[in-house]
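Below is one structure; the comments refer to it alone.
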Amino acid sequence: MSIVTVTKAIKLTGKSHATIYRHIKSGKLSKSPDGGIDTAELIRVYGEFKPEDSNKDKKETPKSIKLNVNEIYQQEKSDTEIQHLREQLESLKSQLSKTESQLERSQEKEDKLLQLIENRLPPPDEDSVVSRLKKKFL
């Protein structure tokens, strides 16, 4: 993240002074608390930076700045995605925990119902199939 002055932002983007300030005023472009503008913000709003005039001496600095800004922008994008995925993971963990609790409560209810059913059924009589099988094999 690199903070530049409004003048430098004008040079990097090729936009006019009036355009930059109009976009700041409308909220399309935001300034940092110290009054500068983040280069990632400039790329978000205006896209890649315009090459400087060919009449000026060509320097390696603008290209390296451009590469660094792109790397920073990609890193911030990755960090944002990672944070979003972490939030989703926490949400899914919470949902899983709730589902496990519900399953446990359902299992307890099922066990209680089975006990109720078993206690209410009359004991098998001697002529039942189970009794006959017991006598035959035991």
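The values are calculated or read from the model by the stated rules, or taken from the named source; none is laboratory data. All figures in this text were calculated on a predicted structure; none of them were measured in a lab. FYI the Cβ positions are ideal-geometry reconstructions off the backbone, even for glycines, and counts take in every protein chain you see. Please note that ligands, DNA and RNA were not included when accessible areas were found on the heavy atoms of the full protein model with its side chains. Shrake-Rupley method; radii C 1.70, N 1.55, O 1.52, S 1.80 Å.
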Residue-by-residue Karplus 3J(HN,Hα) for region 102-107, coefficients 6.51, -1.76, 1.60, Hz, glycine and proline x: 4, 4, 5, 5, 5, 5
Potential extension, N119-Q107 segment - 0.36 nm per residue separation minus Cα distance: 2.5 nm
Can you list the residues, at least 5 places off or on another chain, whose amide H is less than 5 Å from the amide H of D38, using H built in the peptide plane? V4, S32
Applying 1/(1 + (r/R0)^6) with R0 = 25 Å to the Cβ-Cβ distance of N70 and K31, what FRET efficiency is obtained, to the nearest 0.05? 0.70
With a 1.4 Å probe and all protein chains kept in place, how much accessible area does I72 have, in Å² rounded to the nearest 10? 50 Å²
With each label point set 7 Å from Cα along the Cα-Cβ vector, what nm distance links F137 and H84? 6.2 nm
Of K77/K98; K31/K93; K112/K136; K8/K28, pairs whose Cα-Cα distance is over 26 Å: K77/K98; K31/K93; K112/K136
Give the peptides 29-37, 73-81, 106-114 in descending order of average Cβ contacts within 10 Å, highest first. 29-37, 73-81, 106-114
Spin-label model distance (nm) - S97 vs Y21, 7 Å beyond Cα toward Cβ: 5.3 nm
Taking Lys and Arg as +1 and Asp and Glu as -1, residues besides Q115 with C-beta under 13 Å from its C-beta add up to -1
